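Okay, so here's the structure we're looking at.
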Amino acid sequence: MTQMTPREIVHALDQFIIGQQDAKRAVAVALRNRWRRMQLDDELRAEVTPKNILMIGPTGVGKTEIARRLAKLARAPFIKVEATKFTEVGYVGRDVESIIRDLMEAAIKMVREQAKEEVGHRAEDAAEDRILDALLPPPRGQEDQPREDNGTRQTFRKKLREGQLDDKEIDIELSQQGPNVDIMTPPGMEEMTQQLSSLFSNMGQQKRETRRVKVKDAFGLLRDEEAGKLVNEEDIKSRAVEAVEQHGIVFLDEIDKVAKGSGQSSGGEVSREGVQRDLLPLIEGSTVSTKHGMVKTDHILFIASGAFHLSRPSDLIPELQGRLPIRVELDALTPGDFKRILTEPSASLTAQYQALLATEGLDIDFTPDGIERIAEIAWQVNEGTENIGARRLHTVMERLLEEASFRGGDMESPLSIDADYVNAQLGELAVDEDLSRYIL
C-alpha cells in the first residue's frame, strides 16, 4: 500500500494528466485516507468507511487515465471495470459479484509477486545450483549424492555470474504446465468456471518435462520455479483476502450507461436499474464468495465515473447516489490544455512520434507555433463535430504525420513541423466541417 501524501500523489498524476486538479485532489485524499485508517486502533478502524467518489465529465478529459495511473500508484489491489458489462441477475451478461472475484485474482497475483520478491535471493541461488548441475553432471551412480563445491564448480559459478555461459545450451527439467481449457458456462456461474479451470490447470503439476534452452533463459525459468516452491500458497491467499478487504479499490467506468436517461425508451430500464440495485450491496458492504474464501466489501473504495451526456447523476437510483457522496466535475479541454497535453506529460504525443521516426533516421522538430496550431485545429474539430476530448489529438497527429510515417528515412532530415506545415497538411480539413467529420 502506498504511503505517499496527497501532495505527492497529485504531483505524480501531474506528470501524465493535464489539469483536472479537483479530480486529482479527490482521488489523492481518498487514497491517503486508506493509509490513515490503518493507523487507527482496531475498534475505530472498523467504523471508518471509505468515502466513494463519482467523477463527472465529458469523454476524453482524463477520467480513465486517472484510473490507469492510480492503479500504478496505489500498490494495492486495484481493478477497473466497465459498468456496461454487467446485467441484473437472470439476464444474459456478467454478475456484478464477479467484480470482487476479479479483484481477488488481481490481489493474489500482486501478493504472489511480492512473496516471490521476498524469497528472490534464495530462488536465484537454487536456480544457479541447478544450472551448475546441468553443466557439470555427476559421475554415473552418484546422481543422488550431494554436490561438492569444488574448484571446477567454483570456476563455472564465476563464469555463470559474469555472463560468459549465457549462450550455452543445456537440458533442464521443469514442471509441466497444465492444459489451457476454456470453459463456457451460463451467466451467474463464473465461480464454477474458475473452479473447473483451476482443477484442469492442476492436473499436470506433478509431471516433469525436459527442455533444451540457453543458460540465460534457463536461469529465469528455474528462478520462477524455485520461487514458486518457496512461497506458501495458503499464506498468499490469507494475505490477499486481507489486502482486498482493507485496501481494495474498484474503478467503475461508464456508470452513466446504466443510468435511466431522461428521454430514453423504457426497453432496457429494468436491466439498467437492476444493475444499480445489484451494485448497492457491494458498495454498502456485503460478503462475496470467491474460490479463495469469503471477502467482505465493507472497506473497499469505489470510484465511479461517467460522461453523463444522455443522463444526469440524479438519474441514478437514490440509494446509489447516497453511496457515492463525493462528486467531482471534470472540465472540458481548452486550446491551452491541448497545447500542454502535446508537450508537458511524460511520454507526450510529440515525444512519442519523435522517438518512433528517429528509428528511421528522421528527426522531427515541433516548433511552438506548430504545436499551437495543432492544438487549435483539434479544439476546432471537437467544437464543430463530436467532442471526444484529448483523443482527437491522436487522429490529428496521425493525419499530420501520415506522409512522414509512410516515407520515413526517405524524407529530408530534420523535418520542421511549424504552423505552415500544419496548415498545408490539415488546414483544408479543419475548415471543411463535412470533411473533418469523417476524416478527423
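The values are calculated or read from the model by the stated rules, or taken from the named source; none is laboratory data. Quick caveat: nothing in here was measured; it's all calculated off a predicted structure. So basically every Cβ, Gly included, is an ideal-geometry build from the backbone, and we count neighbours across all protein chains shown.
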Please specify each residue of segment 349-373 satisfying the condition of being farther than 21 Å from residue 408 by Cβ and surrounded by 16 or more Cβ atoms within 10 Å (Cβ to Cβ). 371, 372, 373
Members of segment 46-60 found to be among the charged types (D, E, K, R) and in contact (Cβ under 8 Å) with a residue 40 or more places away in the chain, listed by number: 51
Going through segment 6-45 one residue at a time, which ones are touching a residue at least 24 places away in the same chain (Cβ under 8 Å) and over 22 Å from the mean Cα position of the chain (by Cα)? 22, 37, 38
For residue 27, only one of the following conditions fails: (1) in a helix (DSSP H, G or I); (2) farther than 23 Å from residue 255 by Cα. What is its number? (2)
Considering only residues that are surrounded by fewer than 17 Cβ atoms within 10 Å (Cβ to Cβ) and aromatic (Phe, Trp, Tyr), which ones fall in segment 385-422? 406
Residue under evaluation residue 7, criteria (1) within 25 Å of residue 347 (Cα to Cα); (2) part of a loop (DSSP other than H, G, I, E, B); (3) at pLDDT 90 or above, criterion not met: (2)
Taking residue 75, is it within 19 Å of residue 243 (Cβ to Cβ), modelled with pLDDT of 90 or more and out of contact with any Cys (no Cβ under 7 Å at 6 or more places or on another chain)? no
